[in-house]
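Q: Here's a structure for you.
The values are calculated or read from the model by the stated rules, or taken from the named source; none is laboratory data. Quantities reported herein were computed from a predicted structural model and do not represent experimental measurements. Cβ placement follows ideal geometry from the backbone for every residue including glycine, while neighbour counts extend to all protein chains displayed.
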Amino acid sequence: MYKFVVGVGILAAGLVAATSMAMAGSCPGNPDALGTSRTITVDAAAFPRIGSMQYKTTLPLNDHEVLITFDDGPLPPYTNRILDTLASQCVKVTYFLVGQMAHAYPDLVRRIYNSGHTIGTHSQHHPFNFGEMGLPRIESEVDRGIASVRAAAGDPRAVAPFFRIPGLARSRQVENFLASQSLALWSADEVADDWFRGITPAQIVRKAINRIEAKGHRGVLLLHDIHPATAMALPALLKELKAKGYRVVQAVPAGVRPPSVPELPASMVAESGGWPRVVKASLTTGTIKQIKHKRHHVAKTEADKELAASLAKKKSKSQTATFDFGAIWSNR
Ligand SMILES: [Zn+2]
């Protein structure tokens, strides 16, 4: 892995070009892969707040450089599908995992890390009112989220000190707390509205590309690895980025990262029969506000049985599960 510390303000254009050339064409089995052109080391001292959607500061990406991020997971089978797509293109991204989800699917957390991606956190329960929460709850959500993801990863060093606020619901209190913990606060430069109900994969691709182009042909893109439409859009999005001459940059934290973490058996994804598959796992209504499911949800707990019963009443037009983490956004 090639690493560049851009955070200290040294950006050696020649070295970046050399790195891009060295890494291009190094994707096994796919000589035309989009690939990952370079890494950028991010720490809170150099980059306390990232993302022009909410802040004056963002990462110093060059022309036609994008940094891709995925929020709210992990969740099979969509996280699996997205990891497959990223691997086929040798694209490395940054995940902002929800603690409760990481606890439910530790095998996927480890697969994400061992696939070479970066893992940050996104609170324990993804509360929608982050911007109105008092300090004790902010502290609890942030700290427990980090603890859960670290435990799921099996090595605390595998989790970067990167935090994205649920729903991007910022407040001065949240920002001050994150700064006090030396956590880099990630907003975004672009979103693709992939949490909107009924959005199509083609619409996600178009919104992502249009907004990246409108922001000076660069940016930190926010997607979600829990939505089927996002999983379906990703191959076309990466193809179009490649066709338009974009390069992918991966954010990495400062300091030592383990080369890998011990793998766990993938026990959470159920049933054969092709993708999209049925989710067979213990889910709690505390994190998951609403699921729409075309096929049968396999319930293990009483809470899941209730959820499954409500799902049976709400037939979805979209394919399989849609988690309603984005409700706070849809209402804007
Ligand atoms: Zn989120």
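Q: Among the candidates Thr79, Thr69, Thr118, which residue alone is within 12 Å of the ligand (Cβ to nearest atom), in contact with a Lys or Arg (Cβ under 9 Å, 6 or more places away or on another chain) and modelled with pLDDT of 95 or more?
A: On the way: Thr79 fails: within 12 Å of the ligand (Cβ to nearest atom); Thr118 fails: within 12 Å of the ligand (Cβ to nearest atom).
So the residue among Thr79, Thr69, Thr118 that is within 12 Å of the ligand (Cβ to nearest atom), in contact with a Lys or Arg (Cβ under 9 Å, 6 or more places away or on another chain) and modelled with pLDDT of 95 or more is Thr69.
Q: Still on this structure, please answer the following. State which residue pairs qualify: first residue closer than 17 Å to Leu185 by Cα and inside the stretch 86-107, second residue within 16 Å of the ligand (Cβ to nearest atom) and at pLDDT below 95 in any location, beta carbons under 7 Å apart, and separation of 6 or more residues or different chains.
A: Close Cβ pairs (under 7 Å, with a partner that is within 16 Å of the ligand (Cβ to nearest atom) and at pLDDT below 95) amount to Val98/Thr287.
Q: Pairs under 7 Å by beta carbon, first residue assigned to a loop (DSSP other than H, G, I, E, B) in the stretch 35-54, partner basic (Lys, Arg), six or more apart or different chains?
A: Partner pairs satisfying both residue conditions: Thr36/Lys92; Ser37/Arg247; Ser52/Lys215; Gln54/Arg170.
Q: Oh, and also: For the stretch 194-245, how many residues are of a type in the set (Lys, Arg) and surrounded by fewer than 17 Cβ atoms within 10 Å (Cβ to Cβ)?
A: Keep residues of the stretch 194-245 that are of a type in the set (Lys, Arg), which gives 197, 206-207, 211, 215, 218, 239, 242, 244.
Add one more test, that the residue is surrounded by fewer than 17 Cβ atoms within 10 Å (Cβ to Cβ), and what stays is 197, 206, 239, 244.
Of the residues in that region, 4 qualify.
Q: Also, quick follow-up: Which residue out of Phe196, Phe177 is away from the ligand (no atom under 14 Å from the Cβ), over 23 Å from Pro60 (Cα atoms) and of a type in the set (Phe, Trp, Tyr)?
A: The match here is Phe177.
Q: Need pairs with beta-carbon distance below 9 Å; first residue aromatic (Phe, Trp, Tyr) and within the stretch 70-85, second assigned to a loop (DSSP other than H, G, I, E, B) and away from the ligand (no atom under 14 Å from the Cβ); sequence gap 6+ or separate chains.
A: Close Cβ pairs (under 9 Å, with a partner that is assigned to a loop (DSSP other than H, G, I, E, B) and away from the ligand (no atom under 14 Å from the Cβ)) amount to Phe70/Val93; Phe70/His117; Tyr78/Pro276; Tyr78/Thr320; Tyr78/Ala321.
Q: Let me ask something else about it. Checking Thr57 against (1) of a type in the set (Val, Ile, Thr); (2) closer than 21 Å to Trp195 by Cα; (3) in a loop (DSSP other than H, G, I, E, B), which single condition isn't satisfied?
A: Just one mismatch for Thr57, condition (2).
Q: For the stretch 82-104, give me the residue count where each residue is farther than 23 Å from Leu183 by Cα and either touching a His at 6+ places or on another chain (Cβ under 7 Å) or within 16 Å of the ligand (Cβ to nearest atom) (or both). Lay out the reasoning, then the answer.
A: As a first pass, look at the stretch 82-104 and keep what is farther than 23 Å from Leu183 by Cα: 82-91, 104.
Filter once more, keeping what is either touching a His at 6+ places or on another chain (Cβ under 7 Å) or within 16 Å of the ligand (Cβ to nearest atom) (or both): 82, 104.
The number of residues fulfilling the criteria is 2.
Q: Test Val261 against the stated conditions and say whether it is crowded, with 16+ Cβ neighbours inside 10 Å, under 30 Å from Ala151 (Cα atoms) and within 15 Å of the chain's Cα centre (by Cα).
A: Working: crowded, with 16+ Cβ neighbours inside 10 Å: yes; under 30 Å from Ala151 (Cα atoms): yes; within 15 Å of the chain's Cα centre (by Cα): no.
Against the criterion (crowded, with 16+ Cβ neighbours inside 10 Å, under 30 Å from Ala151 (Cα atoms) and within 15 Å of the chain's Cα centre (by Cα)), Val261 does not qualify.
Q: Further, regarding this structure: If you go through the stretch 132-141 one residue at a time, how many are surrounded by 14 or more Cβ atoms within 10 Å (Cβ to Cβ) and in contact with a helix residue (DSSP H, G or I) (Cβ under 7 Å, 6 or more places away or on another chain)?
A: 2
Q: Condition (residue is farther than 19 Å from Leu86 by Cβ and in contact with a Gly (Cβ under 9 Å, 6 or more places away or on another chain)) applied to the stretch 227-241: is it met by at least one residue? Show your work before the answer.
A: Residues of the stretch 227-241 that are farther than 19 Å from Leu86 by Cβ, as a first pass: none.
Taking every residue of the stretch 227-241 in turn, none turns out to be farther than 19 Å from Leu86 by Cβ and in contact with a Gly (Cβ under 9 Å, 6 or more places away or on another chain).
Q: Under the condition of being within 15 Å of the chain's Cα centre (by Cα) and of a type in the set (Val, Ile, Thr), which residue from the stretch 209-235 is nearest to the ligand (Cβ to nearest atom)?
A: Restricting to residues being within 15 Å of the chain's Cα centre (by Cα) and of a type in the set (Val, Ile, Thr), the top hit is Ile226.
Q: In the stretch 169-210, how many residues are out of contact with any Gly (no Cβ under 7 Å at 6 or more places or on another chain), part of a loop (DSSP other than H, G, I, E, B) and of a type in the set (Lys, Arg)?
A: Summing the residues that are out of contact with any Gly (no Cβ under 7 Å at 6 or more places or on another chain), part of a loop (DSSP other than H, G, I, E, B) and of a type in the set (Lys, Arg) in the stretch 169-210 gives 1.
Q: Any residue in the stretch 82-96 that is acidic (Asp, Glu) and assigned to a loop (DSSP other than H, G, I, E, B)?
A: Let us first name the residues in the stretch 82-96 that are acidic (Asp, Glu), namely 84.
Filter once more, so that each one left must be assigned to a loop (DSSP other than H, G, I, E, B): none.
No, that holds for no residue.
Q: Just give me the residues in the stretch 147-173 being without any contact (Cβ under 8 Å) to a residue 60 or more places away in the chain and surrounded by fewer than 22 Cβ atoms within 10 Å (Cβ to Cβ), in sequence order. Working first, answer last.
A: Residues of the stretch 147-173 without any contact (Cβ under 8 Å) to a residue 60 or more places away in the chain: 147-152, 156, 159, 165, 171-173.
Correct list: Ala147, Arg150, Ala151, Pro156, Ser171, Arg172, Gln173.
Residues checked against (1) assigned to a loop (DSSP other than H, G, I, E, B); (2) at pLDDT 95 or above; (3) within 18 Å of the chain's Cα centre (by Cα):
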{"position": "Ser123", "(1), (2), (3)": "yes, yes, yes"}
{"position": "His126", "(1), (2), (3)": "yes, yes, yes"}
{"position": "Ile138", "(1), (2), (3)": "no, yes, no"}
{"position": "Asp143", "(1), (2), (3)": "no, yes, no"}
{"position": "Arg150", "(1), (2), (3)": "no, yes, yes"}
{"position": "Ala160", "(1), (2), (3)": "yes, yes, yes"}
{"position": "Gly167", "(1), (2), (3)": "no, yes, yes"}
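Q: Let me ask something else about it. Of all residues being of a type in the set (A, V, I, L, M) and within 16 Å of the ligand (Cβ to nearest atom) in the stretch 184-193, which is surrounded by the most Cβ atoms within 10 Å (Cβ to Cβ)? Just the residue, please.
A: Here is the first cut: in the stretch 184-193, the ones of a type in the set (A, V, I, L, M) are 184-185, 188, 191-192.
Still in the running and within 16 Å of the ligand (Cβ to nearest atom): 185, 188, 191-192.
Working: Leu185: 23, Ala188: 23, Val191: 22, Ala192: 26.
Residue satisfying both the conditions and the ranking: Ala192.
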